[in-house]
Amino acid sequence: MNEIVKVYEDTYLIKGFGCHCYVLLGNPNIMIDAGCKGDIRYYAEQQLNISITHVINTHSHFDHTGGNGYFDVVYMSEKSSKTAKNYMDENPANLPMNYDITYVSDQDIIDLGSRRLKVIASDVHAEGSIFLYDLDNHLLFTGDEIDSDQILLLPSFAQKEGQFHSYSASSIERFKEMMRTIKQDYPNINYIFTGHNTTPLLSSFIDELIELATRLLGGYIGNEDCSSSTYTKNDSHYPYENAGYRRATYKHASLVYNHNLLWKVDEALEQPIATPLHRLSATTTNYINNNSNIKFGITSYGKITKTHLHALHKMNIQPYSLLTRKADKEKEKIFTHVHTNADSFFDDHLDIVDVCGANYQHFPYALKAIQKGCAVYLEKPIALNINEAKVLLEESQKQQIVNAVALINRFNPIIVLARDLCKSGKLGNIINFKAHFYHNSYNTMNKLMTWRQNFALSGGGAIVDLGVHTIDIVHFLLGNIESVVSTSSTVYNKRYVDDTHTTTEDNDTDEYTAVLMKMENNAIGILESSRISNSIEKDPVIEIFGTKGSAIVYEDEIKWLDIENNAQHNQDDIEPSHFYRYLIDSCLPQTTMNHFETMHYTALHNFLNIYHKKHFFEETPTIKEAYHAQAVLDAILTSWKSGTWEKIQA
C-alpha cells in the first residue's frame, strides 16, 4: 500500500514503491531514490500538489532506480550508472528505462535553495553507493548503507560477460572506517533516514555499528544463519550456504558479512558466488554490451508483449521500436520509437522483430520482417493456415534469417528430461500416450468477445491457442505425427461484446477439442485441449506408455516406472542431454518468476544467443518446427468437418 508521511520540516517519506523514497522540498524539489513499482513521481506530485523534476539515487540497485525514467533529471554516481538499469527480481515491463544520467561525485553540493545536499561516497553496500547529508537540517539519507534490520555487505553485480562479481563485498575494516568517517565528520546528525525497514534512526545507531565491526575484527564470529524477519532464505539475494556469509548482531545493529573478508587486504581474494542474483547477473549481463546497439522491434502491446518485455528487461535489453494501434505516454517511456503505421515501423532499420499480437497479424508482420532481412522471434501460431506457414518457411530459408518460435515448453527442463528419457530407450517402444492442456478461463459468460473467438481472425480456439503447445510436446518427445481424427465442442456459442452484457456475437471457435493421433512409430495417442475445463488436481502434461516402462510428466516433475525391475524413478534418475545442461547453466533465470514467465524468458534468451552466434541447438523451435505444428493443426481442423482420419501434409 502506498503511503506518504511528513517526517521532518519540508521532508516526506514515501512507502510502497519498493524502497523508502524521500521528497525534499526546495528549489527544485528533489526525490531521493525512485523505487521500482510504478510512477512514483505522479503519485508524489498528486499527494503534495507540487512538481518534482529531479531524482538522486543512493545506489544502483533496481529497487531504488527503477522509477528514474519518470523524472527529467537523474543524479547518481558514475559507478552506480554501470548497473542502474540491471533489474533482477523486479518486473520492469511497464517502467521507462530510456533516461539520461547526470553524475555526482564525492563532496559535491546539490543546491536546493533553502537546503543543500552534500554527496558522500561510500562504496560499502554497493559499488558507487553514496550518502546524502542535508547540511542545513543535519539529516543523513543512507539508502541501504545503513539499515535497522541488517546491512548487507554483498559483492556488486556483474558488469560484463564472465563476471559474477564486478566489485568485492566490503570488508569489515572498510565498513568500520566508513562509519567512523561519518561519525567524525558529521557529529551533529539529527536523524538517519534509511532505504528500508525502520526509519528514522538516531545517530547513536552508528556507534552500535562501529562497536559491532570492532568486535568482529577482534575475533567475534557471527551465526551461519543470516536470516531475519525481513530477510529469509527465500529471498534471491540470500547467500548460498557455501559462500562464507554470516550474520553478526550487537544491540540493535546487524551485519550480513563474509567472514573471510575481515580486512581490506582480503578483498583481493577470489570469492565464491554470493547469491542466486549474482549468478543471474553473470548469465544475463553479457547482453548489456552485445545488445546496446541492437534495434529490437515489437509488434502489438498486449499481455504477451508485456511478458516478453519482462524477459527482455531481465536480460538488460532496451526495446527500441513498437508497432501499436495507439501511441500513449506509457509506451513512449518504454520504447524509443512508437509507430501506429506498419510501413514506418518496418522502415525503422530494425535488427530484430518480435512478432506478437493477434493471430491474424503473425503471418503478414513476420513475412514483412523476413523480407526486410530482420531476425524474427515469432509467437504461435505462426499463421492462420498451412499455406501461409509454407510461405514463411520458404522465405525464411531463402533469406537465411535467424528465427525462432515461442513454442516455450521445449525450454522447460522437465520436458527436456522427458525427451531424454524417451530417447534413452528405457521406456522401450512407445505404445500409447495421453496429453492434454486444460484452462478454465472461458468457462463463464463474463469472458467477453474478442478476436480469439472469431475463427477468421484466430484460426481456431482452444486447439490453436493451447493445443499447439501440446502438439509440439508430442512431436518433441515422440517424433512425427502421421495422421489425426478429431472432434470439438463449443459450450458458449455466443459471447457478450462488452461489459454491459446487452449485445452478443457468435463464437465460432472450439472451446474443447479431442484428437486421436497415429504416430510414424506406430504409437497411438489422445490429445485434448480445453479452455473450459476445471481440474481438481495437478494435471500431467503427458502420460507415456512403452514396452519397458511408463512415465507421467508434470510441469515440475517426472515419475517413471521401470517394468523389468519393478522400480519407480523420478527425474533425478534420467541422464540429461547437453541441451538440458545448457538450459540449467546458461539460460534459466535465477530469480522468482512463474512457470509461464520462466519459459518465455528462457526461450528468448536462447534466441538471442543464436542471434549473437553463440550456438544453435537443434531443439530450438524454428519456423520449420512450427510449420510441422501448423500442418497438424490444419489436419485437425479438416477432420472436424470430414469426421475421418486426415494425413499430415507437411
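The values are calculated or read from the model by the stated rules, or taken from the named source; none is laboratory data. Owing to the predicted nature of the structure, the values given are computational and were not obtained by experimental measurement. A quick note on method: Cβ atoms are made from the backbone with ideal geometry, for glycine too, and the neighbour counts reach across all protein chains shown. The accessibility values were calculated without ligands, DNA or RNA, using every heavy atom of the protein model including side chains. Shrake-Rupley method; radii C 1.70, N 1.55, O 1.52, S 1.80 Å.
With under 22 Å from His278 (Cβ atoms) and out of contact with any Gly (no Cβ under 6 Å at 6 or more places or on another chain) as the only criterion, which of Ala121, Ala84 stands out? Result: Ala84 is the single residue among Ala121, Ala84 that is under 22 Å from His278 (Cβ atoms) and out of contact with any Gly (no Cβ under 6 Å at 6 or more places or on another chain). Taking Ala418, is it assigned to a loop (DSSP other than H, G, I, E, B), crowded, with 24+ Cβ neighbours inside 10 Å and modelled with pLDDT of 95 or more? Criteria not met by Ala418. Among the residues making up segment 349-366, those that are out of contact with any Leu (no Cβ under 6 Å at 6 or more places or on another chain) and open to solvent by 30 Å² or more (accessible area, probe 1.4 Å) are His349, Asp351, Gln361, Phe363, Pro364, Tyr365. Scanning segment 546-570 for residues that are surrounded by 20 or more Cβ atoms within 10 Å (Cβ to Cβ) and either of a type in the set (Phe, Trp, Tyr) or not in a strand (DSSP E or B) (or both) gives a single hit, Trp560.
Looking across segment 295-331, the residues that are modelled with pLDDT of 90 or more, more than 21 Å from Gly373 (Cα to Cα) and not polar (S, T, N, Q) come down to Tyr301, Gly302, Lys303, Ile304, Lys306, His308, Leu309, Arg325, Lys326, Ala327, Asp328, Lys331.
Rundown of residues vs (1) touching a residue at least 40 places away in the same chain (Cβ under 8 Å); (2) under 30 Å from Ala567 (Cβ atoms); (3) out of contact with any helix residue (DSSP H, G or I) (no Cβ under 6 Å at 6 or more places or on another chain); (4) among the aromatic types (Phe, Trp, Tyr), yes/no style:
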site	(1), (2), (3), (4)
Ile414	yes, yes, yes, no
Cys422	yes, yes, no, no
Phe433	yes, yes, yes, yes
His439	yes, no, yes, no
Tyr442	yes, no, yes, yes
Phe455	yes, no, yes, yes
Ser458	yes, no, no, no
Ile471	yes, no, no, no
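Of all residues in segment 592-609, those that are open to solvent by 30 Å² or more (accessible area, probe 1.4 Å) have Cβ atoms under 8 Å from Cβ atoms of residues that are not in a helix (DSSP H, G or I), 6 or more apart or on another chain, in Thr592/Asp89; Thr592/Ser236; His595/Asn412; His595/Glu555; His595/Asp556.
For segment 458-472, the criterion of being over 30 Å from Lys423 (Cα atoms) and either among the aromatic types (Phe, Trp, Tyr) or assigned to a helix (DSSP H, G or I) (or both) is satisfied by at least one residue.
The set of residues in segment 228-261 being within 27 Å of Thr198 (Cα to Cα), open to solvent by less than 40 Å² (accessible area, probe 1.4 Å) and in a loop (DSSP other than H, G, I, E, B) consists of Ser236, Tyr238, Pro239. For the condition touching a residue at least 40 places away in the same chain (Cβ under 8 Å), open to solvent by 30 Å² or more (accessible area, probe 1.4 Å) and within 30 Å of Arg495 (Cα to Cα), Leu407 does not qualify.
Taken together, Ser344, Ser321 contain a single residue that is more than 16 Å from the chain's Cα centre (by Cα), surrounded by 17 or more Cβ atoms within 10 Å (Cβ to Cβ) and not charged (D, E, K, R), which is Ser321.
Ser533 meets each of the listed conditions (1) among the hydroxyl-bearing types (Ser, Thr, Tyr); (2) within 22 Å of Pro621 (Cα to Cα); (3) at pLDDT below 95 apart from (2).
Is there a residue in segment 575-590 that is touching a residue at least 12 places away in the same chain (Cβ under 8 Å), in contact with a strand residue (DSSP E or B) (Cβ under 8 Å, 6 or more places away or on another chain) and buried (at least 17 other Cβ atoms within 10 Å of the Cβ)? Taking every residue of segment 575-590 in turn, none turns out to be touching a residue at least 12 places away in the same chain (Cβ under 8 Å), in contact with a strand residue (DSSP E or B) (Cβ under 8 Å, 6 or more places away or on another chain) and buried (at least 17 other Cβ atoms within 10 Å of the Cβ).
Within segment 463-486, identify whether any single residue is among the hydrophobic types (A, V, I, L, M, F, W, C), open to solvent by 20 Å² or more (accessible area, probe 1.4 Å), touching a Lys or Arg at 6+ places or on another chain (Cβ under 7 Å) and modelled with pLDDT of 95 or more, and answer yes or no. So far as segment 463-486 goes, yes, one or more of its residues are among the hydrophobic types (A, V, I, L, M, F, W, C), open to solvent by 20 Å² or more (accessible area, probe 1.4 Å), touching a Lys or Arg at 6+ places or on another chain (Cβ under 7 Å) and modelled with pLDDT of 95 or more.
Put simply, of Phe164, Phe141 the only residue that is among the hydrophobic types (A, V, I, L, M, F, W, C) and either modelled with pLDDT under 95 or open to solvent by 30 Å² or more (accessible area, probe 1.4 Å) (or both) is Phe164.
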